[in-house]
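The values are calculated or read from the model by the stated rules, or taken from the named source; none is laboratory data. Keep in mind the model is a prediction, meaning the values are calculated, not measured. As a convention, Cβ positions derive from the backbone with ideal geometry for all residues, glycine included, and neighbour counts pool all protein chains shown.
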Amino acid sequence: MDLHHIRRGTGRPLLLVHGIGGSWRSWDTLIDALAAEREVIAVDLPGHGDTPKLPGENSIGTFADALTSFLTRHKLLGTDAVGSSLGARLVLELARRGGVLGAVVSLNPGGFWQGWEIPVFYHSVAVSQKLVTALQPVMPALAGSAVGRTVLLPQFSAHPWAVDAPQAMEEMRTFAHTPVFAELLDQLAHGEVQKGAPRGSIPGPLVIGWGRQDRVCLPSQSKLALQKFPDARLYWFDSCGHFPQWDQPEEATRLILAATGGHPFTDADIAQHPSKKAASPGLPKAAVVGAALAVLAGIWVVAARRKSGR
């Protein structure tokens, strides 16, 4: 099975791998900037976007196999790669296997939770997905307003009101309509534990980027990630949640191009002076109450429609 994908730009290939419930459009905030210097190949993982689901198990192992087959089929073995969340764990797994990827940038990788963090991750994401699914009829209105995004996206963004509205609507749409979401989420939380790679076993550059305000993959989990991948260099995104491509797209672009470009760089080179995000709408009590009522109204509308359709 091939993976649906898009190609943009010219130059040395660069693979982009999105997270759970996403698609290649999860990279819309920085794909053009990357394509100005590289040939970007952005895939839809199995059961996501326009790629059909796998006939058997959907897990980290089978997705890694599918990506390896894709790269082999398109003569892209050894290409540089960037992953986000689930995709970040996948590119680490492929780096661990060896002979598949070149330079790797892993942004906020999943799979390094332990103990109480596992049920918190699983249930919080499962509830978010169910809520987003229930709210699809009113999602354009919610995702289209700063207050609505503030209510919808605080788990994923450090400043959700500033997330690009079309990007938020697209992500909430695919989040709700990914047929393998439940199975894959269970595999992520309760499936095979991520294996590590001994020091010196990964020859290419390996950078793990982490948002300091990540509420999905907690920043403290970076310690275990570095223990399992001691060849990795850790880069911190300030004022950033789970998706650097949302909260700090320019900084994420600089990190990706520098890490995969083969040239020395410092953290200061990458951070520079991040552009100011749009100010919070202030979230006065009336706005918060109004947004909460909008969410509840959406749930009530959906429930009423389902009841009347019985």
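Let me spell it out: the conditions are (1) under 15 Å from PHE70 (Cα atoms); (2) surrounded by fewer than 23 Cβ atoms within 10 Å (Cβ to Cβ), and VAL43 meets all of them except one. Which number is the exception?
Answer for VAL43: the failing condition is (2).
Which one is nearest to the chain's Cα centre (by Cα), of the residues in the stretch 226-253 that are under 19 Å from PRO154 (Cβ atoms), of a type in the set (S, T, N, Q) and surrounded by 19 or more Cβ atoms within 10 Å (Cβ to Cβ)?
The selected residue is GLN245.
Of the residues SER239, SER222, SER201, only one is touching a Phe, Trp or Tyr at 6+ places or on another chain (Cβ under 7 Å) and not charged (D, E, K, R); which? Step through it out loud before you land on a result.
On the way: SER239 fails: touching a Phe, Trp or Tyr at 6+ places or on another chain (Cβ under 7 Å); SER201 fails: touching a Phe, Trp or Tyr at 6+ places or on another chain (Cβ under 7 Å).
Selected residue: SER222, the only one of SER239, SER222, SER201 that is touching a Phe, Trp or Tyr at 6+ places or on another chain (Cβ under 7 Å) and not charged (D, E, K, R).
Among the listed residues SER280, SER220, SER275, which satisfies the condition of being of a type outside the set (A, V, I, L, M, F, W, C) and modelled with pLDDT of 95 or more? Explain how you work it out, then say what you get.
Details: SER280 fails: modelled with pLDDT of 95 or more; SER275 fails: modelled with pLDDT of 95 or more.
Answer to the selection: SER220.
What about GLY83, is it part of a strand (DSSP E or B) and over 24 Å from GLY21 (Cα atoms)? Even if it seems obvious, please write down each step before you answer.
Numbers: part of a strand (DSSP E or B): yes; over 24 Å from GLY21 (Cα atoms): no.
Here the answer is no, as GLY83 does not meet what is asked.
Mind checking which pairs have a first residue in the stretch 32-51 that is at positive phi and a second that is among the basic types (Lys, Arg), Cβ under 8 Å, 6 or more apart or different chains?
GLY47/LYS53; GLY49/ARG25
Are any of the residues in the stretch 61-74 over 23 Å from HIS242 (Cα atoms), in a strand (DSSP E or B) and in contact (Cβ under 8 Å) with a residue 12 or more places away in the chain?
no
Criterion first (closer than 21 Å to PHE181 by Cβ and either touching a residue at least 12 places away in the same chain (Cβ under 8 Å) or buried (at least 24 other Cβ atoms within 10 Å of the Cβ) (or both)) does GLY78 satisfy it? Break it down into steps so the answer makes sense when it comes.
Working: closer than 21 Å to PHE181 by Cβ: no; either touching a residue at least 12 places away in the same chain (Cβ under 8 Å) or buried (at least 24 other Cβ atoms within 10 Å of the Cβ) (or both): yes.
No; evaluated as a whole, the condition is false for this residue.
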